[in-house]
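These notes are about the structure you will find just below.
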Amino acid sequence: MLSCLHSANMPLFAKINLEVITIMKLPFAQILNNVIGHPLKTTALGLGLLCGAHAHATIVEVQTVLGNVQINLFDHDPATKATVDNFLNYVEGAEGYGNYENNVIHRVTSSSSGKLYVVQAGGYFYDGSLPLKSVKTGPKITNQPIYSNVRGTVAMAKQSSGPDTASSQWFFNLNDVNAENLDTQNGGFTVFGQVISGIDVLDAIAALNRFNMRSPLDAIPLRDYTAEDATNNVTVDDRHLVLISNILVVNADPNSAATLNPVKNTLINKKSDGSSSVGLWMLALLGLMVGLRRAKAKYIAKEC
């Protein structure tokens, strides 16, 4: 669930007794506006006082059994803010959504050359016994493939049936080569954040042995579990799973993304341009063939 961290030096107006506010029967926004003299929205975003509000440039901490990973989300960019808001709905356990408590990193994939691609989570949680349970999902979201799937970025996972099918699942990119495929495949995958600490934790997770526990857990990383254990059907439990105990908001500073310079996805535009070019060449070739046929027909008629 969402955890809001407040400063010990919180201004006096932020500690207003809510019972007094209730007795006064004035809206909270009006109370703060009367006290500080400017709109609530600016104050709340600047101080991170409203837990339920999605502040810009949010930093979250993914707390795993192997260490913590901090992500700077791209909600400072209007082009990806809807994706970040969707992710935060699960972080907060908003109404109609599941949450990421005791979530399982259920998939690590690599290419045929052995280069690691992704570490994936967000879809399943562990409640003390197998099988893993599915996270309750909210509405599917619109694809926003603005940024490139390079190492250290976080992107939404989705179904193969179409680009606008992402809900709760997401993945870490562990190799720059991912961009060659993921920036264009199925409409491109939406990158919505960047790892700012803990990339070594992800590399450690990726280095774990992977096992086939049947789809969709056919490449699940496990701790302290061997091929011999699998052969002997040793029960997998929390000693072996790579668990995410929680994901917490640790910083809602609007300027936390000021030093970031995420790589833009340029491949998807090139692919579109290339498709258009191929289409024009096909039309030109077709026109040439029609012209040649007509010329040949006239020639044959003249010969006859």
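Key figures for this structure:
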read-out: The one condition in (1) touching a Gly at 6+ places or on another chain (Cβ under 9 Å); (2) buried (at least 19 other Cβ atoms within 10 Å of the Cβ) that LYS136 fails to fulfil; value: (2)
read-out: Top-ranked residue of region 139-153 - restricted to ones that are surrounded by fewer than 22 Cβ atoms within 10 Å (Cβ to Cβ) and touching a residue at least 60 places away in the same chain (Cβ under 8 Å), ranked as farthest from ASN261 (Cα to Cα); value: THR142
read-out: Long-range neighbours under 6 Å by Cβ, at least six apart or interchain, first residue in the same structural domain as SER134 (by TED's automatic domain parsing) and in a loop (DSSP other than H, G, I, E, B) within region 78-95, second surrounded by fewer than 17 Cβ atoms within 10 Å (Cβ to Cβ) and modelled with pLDDT under 95; value: GLY93/MET1
read-out: Enumeration of residues in region 107-138 that are over 19 Å from VAL242 (Cα atoms), of a type in the set (Gly, Ala, Ser) and either without any contact (Cβ under 8 Å) to a residue 60 or more places away in the chain or not assigned by TED's automatic domain parsing to the domain that holds HIS240 (or both); value: SER112, SER113, GLY114, GLY138
read-out: Any chance ALA179 is surrounded by 14 or more Cβ atoms within 10 Å (Cβ to Cβ) and under 29 Å from ASP164 (Cα atoms); value: yes
read-out: Residue that is in contact with a Phe, Trp or Tyr (Cβ under 7 Å, 6 or more places away or on another chain) and either part of a loop (DSSP other than H, G, I, E, B) or closer than 30 Å to ALA227 by Cβ (or both), where the choices are GLY138, GLY162, GLY193; value: GLY138
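The values are calculated or read from the model by the stated rules, or taken from the named source; none is laboratory data. Just so we're clear, the structure is a prediction, and the values are computed from it rather than from any experiment. Reconstructed Cβ throughout: ideal geometry from the backbone, glycine too, with neighbour counts over all protein chains shown.
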